[in-house]
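This report refers to the structure that appears directly beneath it.
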Amino acid sequence: MKVLKFGGSSIENAENIRRVKCIVESQKDDIIVIISALGGITDKILNASRMAALGTEYFNTEITTIRERHQQLLAELFPGDKNNSIKKDVDKYLDQLEKIIKGVSMIGELTPKTMDKIVGFGEKLSSIIINAFIEGSKWVDSAKLIKTDSEFGKAQVNFVKTNKLICSAFNDFKGICIVPGFVSSNDKGECTTLGRGGSDYTASIYASALDADVLVKWTDVDGFMTADPKVISKAYVIKSLSYAEAMELSYFGAKVIYPPTILPVYKKGIPIQIKNTMNPSAEGSLITNINLNEKNRPIKGISSISNISLITAQGLGMVGVTGISMRLFTSLAKQKVNVVFISQGSSENSISIAVDTGMVNVAEKSIYEEFAGEIKNGKIDYIQIKNDLSLVAIVGENMKKSSGIAGKLFHTIGVNGINILSIAQGASELNISWVIKKSDLRKTLNVVHESFFLSENVELNLFLLGIGLVGNSLLKQIKQQQEKLLKEKHLKIKVVGVANSKKMLLDRNGIEIEGYRNRLDQEGQSSGLNKYKDQIIDMNIYNSVFVDCTASSDAAGLYEDLLSANVNVVAANKVAASSKYDNYIKLKNIAKEKGIKFFFETNVGAGLPIINTLNSLVNSGDKIQKIEAVLSGTLNFIFNTISEKISFSKTIRMAREEGFSEPDPRIDLSGVDVARKLLILVRESGYRIEMEDLNIQRFVPDSYFSGTLEDFWNNIPELDAEFEEKRKKLFAEKKCWRFVAKYENGKTDIGLKEIPQDHPFYDLQGSNNLVMFTSERYHEFPMIIKGYGAGAAVTAAGVFSDIIRVSNI
């Protein structure tokens, strides 16, 4: 025998009821079918009853809606003469319902006893309709078989009497039986109910009493999910759970099954199957006493409850005092306040509980009354209330066999900037639960779900600022490598924000790189650096990375707020790292404290791994003694290109045309850019240094740096003859020019140098860069890093490399 239960969503309209009929008639076993009220009807009945008790006539509108809903359903399911017989039965129940509610209106009182009599009409109405629609089935009233005490509203089942009555009623039963869920009665025959969600309980009671082979709950989802699919798009069905895991997930907010349902079938070892009425071919979830751990994951699911308030009582006078907890929970129980979470420090000087926000005022009053003496004499310092919170839990029996779960969990949460207000874990290690701000719920669920269920893939969410040469090249490289990174490195890079000086576009679901410019133009909001920053922080997306592909000092000013909000920063922009030392070190320290990344590899040498290598040397205990470097791809291009046929001024134009130089090449010619790079390397070597400490020797007279850019282009050819004369002399001496940056013994030297043939700088081609680190370990033979040091593509590649480093793959 099987017991099938169909919820309100499964029968909310004629189309769904036809699906139910197909499912029922396809069963080969004898079956008992438990039916809930039509979706939304119980709420309508409750609302009508309460309005009637208040003396308002609005209850008539609700009654009319209830009547029309059922009559419309009859018209669709039973065309023609078939409608007459069942319509009489339905009208009889509807008339009784209306009569009772009008009686409530007349006396202006709605007792729990009357409410139980009223609220069960929904299940009776739906079950007699479905019984009539399924040929050959019979209808049995659960209220006559399930016996309870007289605790109206949430009656307790007398299983001895109930099991006896059910077994008697179904002795030698064959075929299909339709029964209403939720309803029951006491020994006097008065109507009682099993509480909201009680139709699930009804199904479990029948299954247990009759030793059914399986209890199948048909609903509107494919089964228990690893997380709420409305929040986590990647949540998937849990194929198998233990009874304990299902109970815990249900308790912490998973709405798949009513928690008390599990106990009767658990005692008999009867499996529960969760199936989707709208997708009957889906495998669903199976709840048994066998823990089948899928993919060897330590946890089975994540669940959450919102609209939670945290109440904390704290005071040194509580330490070592027996009975504090008992008094607290007794006082709350008297006021029917349900405590959903408890956390107490081992020192006993504080205890925190979480309750539904709707009951927090009642709870607060009860606690103050109970502990008035302790508060007055200072044994309890304060009672603190925090609202707008959510309770989150991870559940899994295998957690007890896996070390490091809590460490991994709280590290993952912490590096994403989510503050945990309270934590609890039972000795059974079946769940870990914690309280957070409600505003952090989506982010929390995402990071935990990714960490534990999608751990083979890491997802980074990028916010790009600047879509010029470097930014656009970066997007092209990401698009080209996305599939490979996901397949081979299990890294998913998702662009969720792009912005230029005019517009910004943000989409937490991702922005397709193909055609992003069109979407930015059509859907983008008006941009602004602070506005973009605020949107990034407000979106509160996990594993966020802000990528700055500008040269803007204002953009660099955003880093502190972004890092403080646990947003990783990858910067091609040199301004922050070369700003005042105090600001530079502050940004580094914020990143360190938050456990996030602040990378700026491309600040020196574009795509060359210069800073990363330097960090490795310093972090491993080496001491940098001297830095010698050719760090300007632009200047190196100029001095490699200048010749008898190509003048100095023409090489500058060529560097601009090739994209090696800044739009205003005077920035490169001034040596300031090289000075900034040296400054960054010296700082990353562990030395405190400011821009004013650098000695820059310009090779172009100061007069050429004043005036407009047009003036510069008009006047710079004046230097061609001088440079050609010097070039010939160098050529004859078998030397070349290199713009060299040097640091040694606390002093710097930056300027144009004559390099002999036997020096490593001599053979530098094109726009290549070269850095030599002399250290305690690399003293006789310096470490040399050499390669392309300029250009949008290599700079973008360096930024891309930093982004990948953020993921720690």
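The values are calculated or read from the model by the stated rules, or taken from the named source; none is laboratory data. Just so we're clear, the structure is a prediction, and the values are computed from it rather than from any experiment. Positions of Cβ are backbone-derived with ideal geometry, glycine not excepted, and every protein chain shown enters the neighbour counts. With ligands, DNA and RNA removed, areas are computed over all heavy atoms of the protein, side chains included. Shrake-Rupley method; radii C 1.70, N 1.55, O 1.52, S 1.80 Å.
A Förster radius of 51 Å, combined with the Cβ-Cβ distance separating Asp693 from Asn387, puts the computed FRET efficiency at roughly 0.45. Sequence-distant contacts, meaning Cα pairs under 8 Å at least 6 residues apart, place the relative contact order of the chain at 8 percent. Under 5 Å from the amide H of Phe182 lie the amide H atoms of Ser199, Thr202, each residue being 5 or more positions distant or on a separate chain, with H modelled from the backbone and absent for Pro and chain starts.
Calculate for the chain the 222 nm mean residue ellipticity that helices alone would give, adding -39,500 (n - 2.57) per DSSP H run of length 4 or more and normalising by residue count, nearest 500 deg cm²/dmol.
Values: 29 runs with 321 residues, N = 809.
Rounded to the nearest 500, the figure is -12000 deg cm²/dmol.
Farthest toward the positive end of the dipole of the chain, out of Phe739, Ala48, Ile638, is the Cα of Ala48, where the dipole comes from beta carbon charges about the Cα centre.
Backbone phi angles across the range 702-719, fed through the Karplus curve with coefficients 6.51, -1.76 and 1.60 (θ = phi - 60°), yield HN-Hα couplings of 4, 4, 7, 9, 9, x, 7, 5, 5, 4, 4, 4, 6, 9, 4, x, 4, 8 Hz in residue order; Gly and Pro are listed as x.
Tell me whether the range 519-657 comes out rounded, prolate or oblate; compute the Cα gyration tensor, take square roots of the eigenvalues as a ≥ b ≥ c, and use a/c under 1.5 as the rounded threshold. If you can, show how the numbers build up before the last one.
On the way: a/c = 2.83, a/b = 1.34, b/c = 2.11.
Oblate is the answer for the range 519-657, as a/c is 1.5 or above yet b/c matches or exceeds a/b.
Using equal-weight Cα scatterers in the Debye expression, the normalised intensity of the range 701-749 in log10 at q = 0.17, 0.25, 0.26, 0.33 Å⁻¹ is -0.78, -0.91, -0.92, -1.11. Of all aspartates and glutamates in the structure, those lying under 17 Å Cα to Cα from Lys188, and not within fewer than 8 positions of it along the same chain, are Asp116, Asp141, Asp149, Glu151. Expressed as a fraction of 2.2 N^0.38 Å, the C-alpha radius of gyration for the range 190-236 is 1.58. What aspartates and glutamates sit close enough to Lys255 to cross-link, taking a C-alpha to C-alpha distance under 14 Å and skipping anything fewer than 8 places away on the same chain? Filter leaves Asp200, Asp220, Asp222, Asp228, Glu245.
Averaged over all directions, how much area does the convex hull of the C-alpha atoms of the chain cover when projected, in nm²? For the Cα atoms of the chain, the hull's average projected area reads 46.5 nm².
Couplings for the range 616-621, taken from phi via the Karplus curve 6.51 cos²θ - 1.76 cosθ + 1.60 with θ = phi - 60°, read 5, 4, 5, 5, 8, x Hz in order; Gly and Pro are left as x.
Take the alpha-carbon positions of the range 708-809, form their convex hull, and give its projected area averaged over all directions (one quarter of the hull surface) in nm². Each step should come with its number before you reach the end.
Numbers: hull surface 43.7 nm².
That works out to 10.9 nm².
Assuming R0 = 45 Å, can you tell me the calculated FRET efficiency for the pair Tyr58 and Lys144, based on Cβ-Cβ distance, to the nearest 0.05? Before the final figure, lay out each step's value.
Details: r = 34 Å, r/R0 = 0.75.
After rounding to 0.05, the efficiency reads 0.85.
Loop-resident trypsin sites (Lys or Arg not before Pro) (DSSP state other than H, G, I, E or B) in the range 642-721 with no more than 15 further Cβ atoms inside 10 Å of their Cβ: Lys645, Arg688, Arg698. Calculated on the alpha-carbon coordinates, the convex hull of the range 349-443 measures out at 129 cubic angstrom per residue. Between amide H atoms placed 1.01 Å from N, distances below 5 Å from Phe739 occur with Lys753, all of them 5 or more places distant or on a separate chain. Restricting the calculation to Cα atoms, the range 303-390 shows an Rg/Rh of 0.95 when the hydrodynamic-style radius is the Kirkwood one.
Legend: distances between Cα atoms for Lys502/Lys594; Lys5/Lys147; Lys533/Lys597; Lys494/Lys786; Lys44/Lys268; Lys531/Lys588; pairs beyond 29 Å are Lys502/Lys594; Lys494/Lys786; Lys44/Lys268. Seen through its C-alpha gyration tensor, with square-root eigenvalues sorted a ≥ b ≥ c, the range 10-163 comes out oblate because a/c lies at 1.5 or above while a/b is not bigger than b/c. Could you list the residues of the range 190-228 with an amide nitrogen less than 16 Å from a label point located 7 Å from the Cα of Lys161 in the Cα-to-C-beta direction? Backbone N within reach: 190-194.
Annotation note: trypsin sites (Lys or Arg not before Pro) in the range 109-199 located in DSSP loop regions with a Cβ neighbour count of at most 12 within 10 Å are Lys174, Lys188.
Evaluate E = 1/(1 + (r/R0)^6) for Ser168 and Thr111, where r is the Cβ-Cβ distance and R0 equals 30 Å; express this FRET efficiency to the nearest 0.05. It comes to 0.40. Across the range 13-20, rounded Karplus estimates of 3J(HN,Hα) from the backbone phi angles (6.51 cos²θ - 1.76 cosθ + 1.60, θ = phi - 60°) give 8, 4, 4, 5, 5, 5, 4, 4 Hz, Gly and Pro being marked x. Loop-resident trypsin sites (Lys or Arg not before Pro) (DSSP state other than H, G, I, E or B) in the range 481-513 with no more than 11 further Cβ atoms inside 10 Å of their Cβ: Lys502.
Restricting the calculation to Cα atoms, the range 120-245 yields a radius of gyration followed by a Dmax of 16.6, 51 Å. A straight line joining the Cα centroids of the range 404-454 and the range 58-122 runs 46 Å. Across the range 203-320, the mean sequence separation of Cα contacts (distance under 8 Å, 6 or more residues apart), normalised by length, yields a relative contact order of 34 percent.
Using only the Cα atoms, work out Rg/Rh for the range 233-325, with Rh taken as the Kirkwood radius, to two decimals. Walk me through the numbers on the way to the answer.
Details: Rg = 18.2 Å, Rh = 16.0 Å.
Rounded to two decimals, Rg over Rh is 1.14.
Per residue, the solvent-accessible area of the chain (1.4 Å probe, heavy atoms of protein chains only, all protein chains present) comes to 45 Å².
When DSSP beta bridges are restricted to pairs lying wholly in the chain, around 60% turn out antiparallel. What whole-number distance in Å separates the alpha-carbon centres of the range 614-628 and the range 323-344? If you average the Cα positions of each part, the centres end up 59 Å apart. Dimensions of the range 498-584 along the principal axes, based on C-alpha atoms and rounded to the nearest Å, stand at 41, 25, 20, largest first. When the alpha-carbon atoms of the range 1-49 are used, the pair Rg, Dmax equals 12.8, 42 angstrom.
When the Debye formula is applied to the Cα atoms of the range 474-549, each taken as the same point scatterer, what base-10 log of I(q)/I(0) results at q = 0.17, 0.18, 0.20, 0.26 Å⁻¹? So the normalised log intensities work out to -0.69, -0.76, -0.93, -1.36.
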